[in-house]
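Colleague: Handing you a structure now.
The values are calculated or read from the model by the stated rules, or taken from the named source; none is laboratory data. Not measured: the values here are computed from a predicted model. Note that each Cβ is placed from the backbone with ideal geometry, even for glycine, and that neighbours are counted across all protein chains shown.
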Amino acid sequence: MKRLVLASASPRRRELLARLGLEFEVRPTAVDETPGQDESAERLALRLARAKAIAGAGERPGERVLGADTVVAREARILGKPADAAEAERMLVTLSGVEHRVVTGLALADGETVTEACAMTRVWFRILAPQEIEHYAAGRETLDAAGGYAIQGGAAGFISRMVGSYTNVVGLPLSEVVRLLREKEHRT
């Protein structure tokens with residue numbers, strides 16, 4: 001079996017992938033994550049995951065490289081990682097009391113081929129008080145997470161309902177990762 005490489009610096013993705021009991025190497029890649037004009041959350045997540053996987057695969061042939069990107073969207077508006085606490089507050093206000101989507105694109109590059117998958121989870125926040133938004137946004141969790149929140153941290157108390165994969169909201173939908181890896185094994 002070829003060596004598996006995770007093309008991500010995310011400690012959450014590393015922790016989730018380790019839960020599967022797989023041996024892998026972490027080798028982050030840098031890609032421009034700027035959304036294209038009118039690009040949907042799904043298209044953006046898949047494009048970025050593919051770019052990360054291909055960039056990682058170009059470094060050492062003979063490896064399977066997993067790229068992933070998670071995007072939070074409220075209707076057609078994409079909420080990336082906030083630049084500062086003020087932007088995180090604005091994002092949390094936008095998400096308070098409403099539904100949003102968390103979309104993760106996955107790409108597994110193996111030599112000449114790239115296999116893709118996309119997972120989507122619907123998440124509803126309860127109505128958040130201004131003080132809790134301000135308090136949460138002032139913490140460290142907000143700046144490294146799409147949408148300005150980390151479900152595995154303090155934002156777990158914001159969720160009133162969720163339909164779909166919890167690990168997708170954390171940043172790596174494990175069921176889809178396993179499916180991609182199995183597909184690749186059956187093809188080789």
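Colleague: Would you confirm whether any residue within region 9-26 is exposed (fewer than 14 other Cβ atoms within 10 Å of the Cβ), touching a residue at least 12 places away in the same chain (Cβ under 8 Å), within 30 Å of Ile133 (Cα to Cα) and hydrophobic (A, V, I, L, M, F, W, C)?
Modeller: Within region 9-26, one or more residues are exposed (fewer than 14 other Cβ atoms within 10 Å of the Cβ), touching a residue at least 12 places away in the same chain (Cβ under 8 Å), within 30 Å of Ile133 (Cα to Cα) and hydrophobic (A, V, I, L, M, F, W, C).
Yes/no per residue for (1) assigned to a helix (DSSP H, G or I); (2) buried (at least 21 other Cβ atoms within 10 Å of the Cβ); (3) at positive phi; (4) among the small types (Gly, Ala, Ser):
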position	(1), (2), (3), (4)
Thr104	no, yes, no, no
Arg122	no, no, no, no
Ile127	no, no, no, no
Gln131	yes, no, no, no
His135	yes, no, no, no
Gly139	no, no, no, yes
Leu143	yes, no, no, no
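Colleague: Then there is this: Restricting to region 42-57, name every residue that is closer than 11 Å to Leu106 by Cβ, under 13 Å from the mean Cα position of the chain (by Cα) and of a type in the set (A, V, I, L, M).
Modeller: The answer is Ala45, Leu46, Leu48, Ala49.
Colleague: Something else about it: For region 150-180, how many residues meet the condition of being outside any helix (DSSP H, G or I), buried (at least 20 other Cβ atoms within 10 Å of the Cβ) and not hydrophobic (A, V, I, L, M, F, W, C)?
Modeller: The total comes to 2.
Colleague: Among the residues of region 106-115, what is the count of those that are assigned to a strand (DSSP E or B) and surrounded by fewer than 17 Cβ atoms within 10 Å (Cβ to Cβ)?
Modeller: 2
Colleague: For Val31, all conditions in the list (1) β-branched (Val, Ile, Thr); (2) modelled with pLDDT of 95 or more; (3) in contact with a Lys or Arg (Cβ under 9 Å, 6 or more places away or on another chain) hold save one; what is the number of the exception?
Modeller: It is condition (2) that Val31 fails.
Colleague: Sticking with this one: Going by the conditions given, is Asp69 charged (D, E, K, R), within 18 Å of Glu33 (Cα to Cα) and without any contact (Cβ under 8 Å) to a residue 40 or more places away in the chain?
Modeller: Yes: the conditions hold for Asp69.
Colleague: Looking at region 73-87, can you tell me whether even one residue there is touching a Lys or Arg at 6+ places or on another chain (Cβ under 6 Å) and either touching a residue at least 12 places away in the same chain (Cβ under 8 Å) or of a type in the set (Asp, Glu) (or both)?
Modeller: Within region 73-87 (the criterion being touching a Lys or Arg at 6+ places or on another chain (Cβ under 6 Å) and either touching a residue at least 12 places away in the same chain (Cβ under 8 Å) or of a type in the set (Asp, Glu) (or both)), the answer is yes, since at least one residue qualifies.
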